[in-house]
1. Please report the relative contact order for the chain, taking Cα pairs under 8 Å with a sequence separation of at least 6, and give it as a percent rounded to a whole number.
2. What translational diffusion coefficient, to the nearest whole µm²/s, does the chain have by Stokes-Einstein, given a Kirkwood radius computed over alpha-carbon pairs, a temperature of 10 °C and 1.306 mPa s viscosity?
3. Could you give the spread of the C-alpha atoms of the range 49-109 along their three principal axes, from largest to smallest, in whole angstroms?
4. At most 13 other Cβ atoms within 10 Å and a DSSP loop assignment: could you name the chymotrypsin sites (Phe, Trp or Tyr not before Pro) in the range 302-361 that fit?
5. Quick one: if you take sqrt(5λ) for each eigenvalue of the C-alpha gyration tensor of the range 527-608, what semi-axes come out, biggest first, whole angstrom?
6. With a Förster radius of 60 Å, plug the Cβ-Cβ distance of GLN150 and ASP559 into 1/(1 + (r/R0)^6) and report the FRET value to the nearest 0.05.
7. Can you give the helix-only mean residue ellipticity at 222 nm for the chain, where every DSSP H stretch with n ≥ 4 adds -39500 (n - 2.57) and the sum goes over all residues, rounded to the nearest 500 deg cm²/dmol?
8. Explain nothing, just compute: Karplus ³J(HN,Hα) = 6.51 cos²θ - 1.76 cosθ + 1.60, θ = phi - 60°, for every residue of the range 11-17 in order, whole Hz, x for Gly and Pro.
Amino acid sequence: MCGIVGYVGDKPVLPLLINGLKRLEYRGYDSAGVAVIDEGQLWYKKKQGKISGLELEINGVDSKASIGIAHTRWATHGEPSERNAHPHFDQDYKIAVVHNGIIENYVQLRDSLLADGYRFYSETDSEILVHLIAMCYDGDMAFAIRKALQLVRGTFGILVLSSYEPDKLFAARRGSPLVIGIGDEENLIASDGSALVEHTRDVIYLEDDEMAVVDKKGAKVRTLQDKTVFKAVEKLPFDLTHLQKGGYAHFMLKEIFEQPDTIWDSMRGRLLVEDGNAKLGGLQNCIERMAHSSRLIITACGTSWHAALIGEYLIEKYANIPVEVEYASEFRYRDPIVSRVDTVLAITQSGETADTLAAVREAKQKGALALGLCNVVGSTIARETHAGVYLHAGPEIGVASTKAFTSQVITLALIALALGRMSHLSAEDGREIAQALKKLPDKMHSILKQANHIESIAKKMVTHHHALYLGRGFNYPVALEGALKMKEISYIHAEGYPAAEMKHGPIALIDAQMPVIFIAVKDAVYEKVISNIEEVKARGGWVIAVVSDGDDTCTSLCDEVIEIPHTIQSLMPVLTVIPLQLLAYYTAVIKGCDVDQPRNLAKSVTVE
Ligand code: G6P
């Protein structure tokens, strides 16, 4: 979703801002813009479409500017266009603002500004901010921003540049992240550490209702009520190599292939194989309360919600705690019955998803223990929850989540193991799970070796417009995830279902044009799934199946099979999802789709 980057120092700022925007491209956007101060005047350029288009227009510009702000916009209010792109300006072109988030009362504010004679150039909610600041300006920019922000309702991460105070950047946040990068005689601000890391790894995270005034010497942070706050300088937990493709054609492919390492990173130091147990430092002080909760509610969105479904099966199976899984967007608005005896676990790769954050706040407000399972270190949800566990999967750049999903499942398995061992799970049973976890990275490697075979199946997939994904038990959420991957990046309409539900509706769709992707590994429901495959074959469907190594029954029954090694039933999803990620990837590549930045999607959804 929208991205912000700003710089103040001695270097030529335009190329630096363009580079920063490119680091934020992965978040999803439809237009971009920059504003700098050159010889005391504001200068800007905006462009609809890719950053490369903006870059082309800027390339020939002879500018000595060394302070500026930039933005990638993902349209919410108003179509993607140059006019609606940020920065927005006051009428005298003295103040420029970029904004992430949504101003909820913008209609009222706009009406009253219009009545006062202000003219608007865009259809965005964001533009009101710059006019409000101009209205409040009386010789002190920080004061004007504070005063203007008192008038707005909603969420914001803003960066302000003004020729009134041309050596300073002003940043403020409520609900939309901003990170300040501290350099040597230069400082940066961005909505995401990835735009900072090639300049510095020393950062200050702004909290809600804080404002920073940043010049090349340093950053002063105060609250929006003008109180001093002490901010610690922290280290970004990744470096530039994490943000490069490392020889792969796309970030998504790199991230799929990283998974044997990233799942191990999620287990490292936490898995106690000999004890048949797991130790999660982040939960140390609250695991007792979690274990004695009357129930665990897992809330999440998108791929993280699919991991949550697997978490439900894992935790109920091993820890005997009732689990409910709920979309964060539903949980937050239906006034759920939650109390002090419940634990609410939010799963989120980014740690910034607006709906998940709102669910966490709702849970806290109702007295529940609120835990987070996040990938991005220092993210809002990681900081707002009472405690939590990091995935340690490293930055995920591809919009379609892959390595975060497998790390989420692994971490949920560790939580289930730790909780189980606190109740009825024997050391022997615990050891069986722990040993199976330890062997997963090698098994993943053997699946990844089949990439060429999966690519050859993808070549046949590309001519189809629909696909059905079916699985049962632990592999039902994997069917949902496989279908989501396919639709996100290849734009083939795909639906996931529990295999047995097929006969209650989707079976009507089956004909030779309908690829049906089964997860049919040898587990407790294997024979039932075989019956479902027979039902599809009897109606002429084209069956692709992910099966256990050496399964002759499936090989003769199905049109295409992808064989994978065996592990215990509860951990199968970590393996069965890999062929489905690759199938979606190759299908999208063959179709010529933009795999890492699929249309309309955003990596981090910071609006409702
Ligand atoms: C977006 C992304 C998905 C992701 C979902 C939840 O829709 O495109 O890949 O699964 O948000 O994101 P989160 O960061 O909360 O896991």
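All of the numbers you see were taken from the coordinates with simple rules; none came from a lab. None of these values were measured; they are calculated from a predicted model. Neighbour counts run over all protein chains shown; Cβ positions are idealised from the backbone, glycine included.
1. Working: 1411 pairs, mean separation 73.8, N = 608.
Worked out over the chain, it gives 12 percent.
2. Values: Rh = 25.4 Å.
Calculated translational D: 63 µm²/s.
3. Rounded to whole Å, the extents work out to 41, 26, 17 Å.
4. Values: sites: TRP305, TYR313, TYR318, TYR327, PHE331, TYR333; in loops: TYR333.
Answer in residue order: TYR333.
5. On the way: eigenvalues 178, 60, 35 Å².
Working through the eigenvalues yields semi-axes of 30, 17, 13 Å.
6. Working: r = 64 Å, r/R0 = 1.06.
The formula returns an efficiency of 0.40 here.
7. On the way: 19 runs with 215 residues, N = 608.
One gets -11000 deg cm²/dmol as the mean residue ellipticity at 222 nm.
8. 7, x, 7, 4, x, 5, 5
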